[in-house]
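Working notes for the structure below.
The values are calculated or read from the model by the stated rules, or taken from the named source; none is laboratory data. Since the model is a prediction, treat every value here as computed from it, not as a measurement. Quick reminder, even Gly has a Cβ in these numbers, built from the backbone with ideal geometry, and neighbours come from all protein chains shown. All accessible areas refer to the heavy atoms of the entire protein, side chains included, with ligands and DNA or RNA removed. Shrake-Rupley method; radii C 1.70, N 1.55, O 1.52, S 1.80 Å.
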Amino acid sequence: MARITASVYTSHVPAIGVAMDLGKTQEPYWQPLFKGYEFSRQWMRDNRPDVVFLVYNDHATAFSLDIIPTFAIGTAAEFKPADEGWGARPVPVVKGHPELASHIAQSVIQQDFDLTIVNKMDVDHGLTVPLSLMCGERDPVKDAWPCPVIPFAVNVVQYPVPSGNRCFQLGQAIRRAVESYDQDLKVHIWGTGGMSHQLQGARAGLINRDWDNAWLDQMIHDPAACAQRPHIDYVREAGSEGIELVMWLIARGAMADTAGGPKPRVAHRFYHVPASNTAVGHAILENT
Ligand code: DHB
Ligand code: FE
């Protein structure tokens with residue numbers, strides 16, 4: 001059977017992608033940020049998954065205000081990096097896993113979570129920046145990502161957004177779906193976005209280090225309590241885009257301890273300010 005062996009959490013600031021694409025990672029501004037991912041890149045090589053289930057949000061790239069799915073699963077064979085206004089990032093096309101994605105859609109919908117099935121979709125920085133951070137620079141033509149990726153898009157852009165608790169429960173349903181797939185696959189689930197940031201309005205530039213780190217502690221060690229936080233806490237304390245953090249609770253909900261298994265091992269944890277206008281948080285949890 002397939003198993004979720006680890007979860008990864010990381011911010012997805014688009015400027016991080018630009019820094020990699022323009023070869024600026026060793027500049028003084030960026031060097032401390034990329035140092036925090038050196039461990040993670042080695043860890044990815046040492047713990048290479050067969051599939052990454054990547055929870056992210058689309059930023060009005062694939063979905064406009066015309067159609068706003070709350071939860072959307074990508075079932076296509078491939079997903080092209082999107083043109084976000086400056087051309088597509090020069091990174092490889094993302095290969096999907098249509099068979100496992102369709103199985104997860106079947107299972108999760110039958111567990112009463114209403115997913116939108118997306119058979120054609122471009123993927124923006126919400127998905128490609130975490131891949132670049134974890135896997136390193138890749139030539140768009142000569143290289144490929146290390147494994148297939150199932151994109152899972154969550155609406156955290158246009159209200160109403162799903163609650164942390166809904167996301168946490170959805171993660172548990174995704175774990176059950178993966179474990180009912182009859183091939184031996186090692187699956188990682190990634191939660192992306194956050195941490196504190198607000199990109200517009202009177203509080204643009206807001207960063208809240210204390211809140212971010214307390215939230216990260218609770219997300220790791222007491223996720224059920226973390227899931228009870230109302231969305232207004234995120235917006236008030238972590239800024240309007242801080243709400244992206246509810247996506248981390250999908251990945252956390254998929255870990256074994258939420259179903260009576262052992263607590264995960266914290267393989268890595270990192271926090272850095274600033275990257276553009278955003279606080280960057282990152283963690284790796286392993287099922288033991
Ligand atoms: C920015 C955009 C994002 O989507 C995000 O999560 C963080 C930062 C930005 O434009 O700087
Ligand atoms: Fe974002």
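With every protein chain present, what is the per residue accessible area of the stretch 3-286 (1.4 Å probe, Å²)? Numbers along the way, then the final one.
Working: 11610 Å² over 284 residues.
So the stretch 3-286 comes to 41 Å² accessible per residue, rounded to a whole number.
Near the amide H of residue 282, within less than 5 Å, lie the amide hydrogens of 270, all on another chain or at least 5 residues away, with H placed in the peptide plane.
Carbon and sulfur: what percent of the chain's accessible surface (1.4 Å probe)?
51
Across the stretch 151-156, rounded Karplus estimates of 3J(HN,Hα) from the backbone phi angles (6.51 cos²θ - 1.76 cosθ + 1.60, θ = phi - 60°) give x, 10, 9, 10, 7, 10 Hz, Gly and Pro being marked x. Dividing the summed helix terms, -39500 (n - 2.57) for each DSSP H run of n ≥ 4, by the number of residues in the chain produces a 222 nm estimate of -9000 deg cm²/dmol to the nearest 500.
Of the listed peptides 154-162, 85-93, what is their order by residue-averaged count of other C-beta atoms within 10 Å, with the highest listed first?
Values: 154-162: 17.7, 85-93: 15.0.
Highest-to-lowest ranking by the protection proxy: 154-162, 85-93.
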